[in-house]
Amino acid sequence: MEPEKGSTVQLGLVGLGRMGFNMRERLRRAGHEVVGYDRNPDVTDSTSLADLVSKLEAPRAIWVMVPSGEPTRQTVTELAELLDPGDVLIDGGNSRYTDDRRHADLLAAKEIHYLDCGVSGGVWGLDNGYGLMVGGDAADVERLMPVFDALRPEGLREEGFAHAGPVGAGHFSKMVHNGIEYGLMQAYAEGFELLDAAEIVEDVPAVIKAWQRGTVVRSWLLDLLVRALESDPELDDLRGYVEDSGEGRWTVEEAINNAVPAPVIAAALFARFASRQEDSPAMRAVAALRAQFGGHAVHQAQG
């Protein structure tokens with residue numbers, strides 16, 4: 001049975017971390033019934049996945065928001081044994097799109113439906129809504145549309161939601177989204193460093209704040225940088241050490257597989273690698289070469 005648009009639905013939500021917890025609250029604010037499961041007893045509504053499934057009426061819908069990779073695979077495998085034909089499982093984590101086909105095939109053998117959903121919005125999604133990119137069968141997408149409509153930002157559906165294509169298309173789209181995010185953040189970061197290094201600019205935070213309206217580089221990411229600078233104008237409270245979630249790597253790999261040049265995203269990813277090197281072996285080699293061919297001064301290691 002497909003609920004009408006705007007109707008309330010019952011949803012199981014596995015994973016009540018930084019995003020899942022807020023997603024549950026946003027869905028409840030919209031009038032939907034959400035039964036959550038998390039290992040943290042302070043936030044969970046059920047004691048186990050089996051208990052969660054038992055609290056839902058068939059045909060069930062369960063949204064999984066756990067870390068990508070093995071945690072998601074284990075959760076999907078366990079739910080495959082607990083759900084019934086006609087139920088639908090949505091993976092809303094940052095899974096690699098190649099995992100989706102395996103999950104879909106595993107569930108299809110038991111006549112359980114599967115959707116993959118890329119979710120963007122972070123900790124701000126509770127109030128602002130989440131950008132959603134979904135992969136899977138159109139009938140399953142339509143069935144869950146009241147949930148998607150509650151989670152996405154207010155306004156035109158197509159400005160916060162897309163049925164991107166078949167299984168895997170949602171996570172592929174989110175992967176590319178995150179790759180673009182890498183490049184945008186790196187560009188803002190390099191601009192900040194250049195402004196900070198130039199003696200002629202006396203108020204770097206003011207300059208960046210002035211870009212928020214009327215300029216072609218205004219964006220939500222820029223707003224967040226302004227917010228960070230307001231509390232720490234020199235960003236001295238942070239180390240320049242940046243991890244990567246994996247999606248930037250996957251984006252570069254897919255660019256290679258599809259022969260698509262992606263120099264900005266690739267450079268942003270490599271910049272993150274560089275941030276984690278206290279003493280770069282490559283830069284030591286460059287210093288050695290400069291000393292060899294040009295007699296340039298080098299800095300000797302301490303010790």
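Does region 27-70 hold any residues that are under 22 Å from L126 (Cα atoms), open to solvent by 60 Å² or more (accessible area, probe 1.4 Å) and either of a type in the set (D, E, K, R) or in contact with a Gly (Cβ under 6 Å, 6 or more places away or on another chain) (or both), and which are they?
R28, R29, E33, R39, D42 - these are the residues of region 27-70 that are under 22 Å from L126 (Cα atoms), open to solvent by 60 Å² or more (accessible area, probe 1.4 Å) and either of a type in the set (D, E, K, R) or in contact with a Gly (Cβ under 6 Å, 6 or more places away or on another chain) (or both).
Kindly indicate whether P153 is within 30 Å of G86 (Cα to Cα) and either of a type in the set (A, V, I, L, M, F, W, C) or touching a residue at least 40 places away in the same chain (Cβ under 8 Å) (or both).
no
Looking at the structure I just gave you, is P85 of a type outside the set (S, T, Y), farther than 21 Å from L126 by Cα, open to solvent by 10 Å² or more (accessible area, probe 1.4 Å) and assigned to a loop (DSSP other than H, G, I, E, B)?
yes
Residues being open to solvent by less than 40 Å² (accessible area, probe 1.4 Å) and of a type in the set (A, V, I, L, M): count how many of those fall in region 168-200.
The qualifying residues number 4.
Outside any loop (DSSP other than H, G, I, E, B) and open to solvent by 90 Å² or more (accessible area, probe 1.4 Å) - does that describe any residue in region 230-240?
yes
Here is a list: V147, V176, V141, V167. Which entry is without any contact (Cβ under 8 Å) to a residue 40 or more places away in the chain and of a type in the set (A, V, I, L, M, F, W, C)?
V141
Specify the residue that is most open to solvent (accessible area, probe 1.4 Å); the eligible residues are those in region 106-121 that are in a loop (DSSP other than H, G, I, E, B) and at pLDDT 95 or above.
Let us first name the residues in region 106-121 that are in a loop (DSSP other than H, G, I, E, B), namely 109-112, 121.
From what is left, the residues that are at pLDDT 95 or above are 109-112.
Numbers: A109: 85, K110: 75, E111: 125, I112: 6 Å².
Filtering region 106-121 for residues that are in a loop (DSSP other than H, G, I, E, B) and at pLDDT 95 or above, the one most open to solvent (accessible area, probe 1.4 Å) comes out as E111.
Identify the single condition in (1) at positive phi; (2) touching a Phe, Trp or Tyr at 6+ places or on another chain (Cβ under 6 Å) that V217 does not satisfy, given that it satisfies every other one.
Of the numbered conditions (1) at positive phi; (2) touching a Phe, Trp or Tyr at 6+ places or on another chain (Cβ under 6 Å), the odd one out for V217 is (1).
Report the residue count in region 89-103 for those that are of a type in the set (G, A, S), out of contact with any Pro (no Cβ under 9 Å at 6 or more places or on another chain) and farther than 17 Å from R143 by Cα.
1
Scanning region 124-143 for residues that are touching a helix residue (DSSP H, G or I) at 6+ places or on another chain (Cβ under 7 Å) and either assigned to a helix (DSSP H, G or I) or acidic (D, E) (or both), which turns out least open to solvent (accessible area, probe 1.4 Å)?
G125
Just to verify a result, which residue in region 48-71, among those that are of a type in the set (S, T, Y) and either outside any loop (DSSP other than H, G, I, E, B) or farther than 17 Å from D91 by Cβ (or both), is farthest from the chain's Cα centre (by Cα)?
Only one residue tops the list, namely S54.
Yes/no matrix, rows are residues, columns are (1) open to solvent by 70 Å² or more (accessible area, probe 1.4 Å); (2) free of Cβ contacts under 8 Å to residues at least 12 places away in the same chain; (3) among the β-branched types (V, I, T); (4) not in a loop (DSSP other than H, G, I, E, B):
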site	(1), (2), (3), (4)
R272	no, no, no, yes
R284	yes, yes, no, yes
A287	no, no, no, yes
Q302	yes, yes, no, no
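The values are calculated or read from the model by the stated rules, or taken from the named source; none is laboratory data. Just so we're clear, the structure is a prediction, and the values are computed from it rather than from any experiment. Note that each Cβ is placed from the backbone with ideal geometry, even for glycine, and that neighbours are counted across all protein chains shown. All accessible areas refer to the heavy atoms of the entire protein, side chains included, with ligands and DNA or RNA removed. Shrake-Rupley method; radii C 1.70, N 1.55, O 1.52, S 1.80 Å.
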